[in-house]
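Participant: Below you will find the structure I want to go over with you.
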Amino acid sequence: MPPRKSSKRALSALDELTSVPPDSPLPPSQVIGRIAQAQGKNLFTCSLPSGESILAELAPIFRGTAWLRRGGYVLIDTTTFDARDNKIGGQVINVVRNEREWRKMDYWPAEFASKDLGPGDSEEEEEEEESTVGKLPPNSDDEEQIT
C-alpha cells in the first residue's frame, strides 16, 4: 500500500513549526520547560526555569508524530487548562528541535544555559592524565638508577 500524502503534509508542517523558534518576546502565558519524566499517555512532567515542576499535556498536532525524551526542551502554554480543575498545568505547544537556534533568542532562560566546558576544564581529562591503566608498575631497579 503506498504511503498517504496527507501524512507527508502533516510531517512537513510539523517540521516547519518545530524547526524555527517563535518571534520574541514570548507571551507571559508561555514558558520554556525541560522534560523531566514521561507520565503516561501524552503527559509529561516538565521543570520550569523557576525550579517548579508542572504536568503538561502534548498538543494533538504532536501526538504520534513527535518523539519527546527526557532532557529535551518544550514550549508550554500555561493558560490552556485554567478553566478546568485538574492536575494538568499546561499544554506543550511547541517542541524545541533546533536547540542552537532557540538558545540565541533573548527569551531563552539563563537557568537552561548550556554548560560547555572549555578545553582543559574537564574533570575527565584530569583523571585520564593521572591514570596508570595499561602501565607497568615502577620497578625498584629503575628508581635506583635515577638517583
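Participant: For Ile76, what is the net charge nearby, where nearby means another residue's Cβ is under 14 Å from its Cβ and Lys, Arg count +1, Asp, Glu -1?
Facilitator: With Lys, Arg at +1 and Asp, Glu at -1, the net is -3.
Participant: Identify the chymotrypsin sites (Phe, Trp or Tyr not before Pro) of region 11-67 meeting these criteria: DSSP loop state and at most 16 other C-beta atoms within 10 Å of the C-beta.
Facilitator: Filter output for region 11-67: Trp67.
Participant: What distance in nm separates the two pseudo spin-label positions at Ile88 and Ile61, each 7 Å out from Cα along the beta-carbon direction?
Facilitator: Reported label-point gap for Ile88 and Ile61 is 1.7 nm.
Participant: Is the C-alpha gyration tensor of region 29-114 telling us rounded, prolate or oblate? Criteria: a/c under 1.5 is rounded; beyond that, a/b larger than b/c is prolate, otherwise oblate.
Facilitator: prolate
Participant: Now, a different point. What's the local net charge at Leu58, with K and R +1, D and E -1, over the other residues with C-beta under 14 Å away?
Facilitator: Once all neighbours under 14 Å are counted, the net charge is +1.
Participant: Continuing with this model, one more query. Working out 0.36 nm times the residue gap between Ala38 and Ala13, then minus their Cα-Cα distance, what length gain in nm do you get to one decimal?
Facilitator: Residue separation times 0.36 nm, minus the Cα-Cα distance, leaves 6.5 nm.
Participant: Tell me which residues come under 5 Å, amide H to amide H, from Val96 once H is placed; ignore anything under 5 positions away on its chain.
Facilitator: Under 5 Å from the amide H of Val96 lie the amide H atoms of Tyr73, Val74, Leu75, each far enough along the sequence or on another chain.
Participant: Using alpha-carbon pairs under 8 Å, 6+ residues apart, how would you state the relative contact order of region 12-99 in percent?
Facilitator: Reported relative contact order: 31 percent.
Participant: Still on this structure, I have one more. Hey, if you put +1 on the Cβ of every Lys and Arg and -1 on every Asp and Glu Cβ in region 29-114, which of Thr65, Ala36, Gln91 ends up farthest toward the positive end of that dipole?
Facilitator: Thr65
Values in this text are rule-based calculations from the coordinates and carry no lab data. None of these values were measured; they are calculated from a predicted model. Glycine gets a Cβ as well: all are built from the backbone with ideal geometry, and neighbour counts include every protein chain shown.
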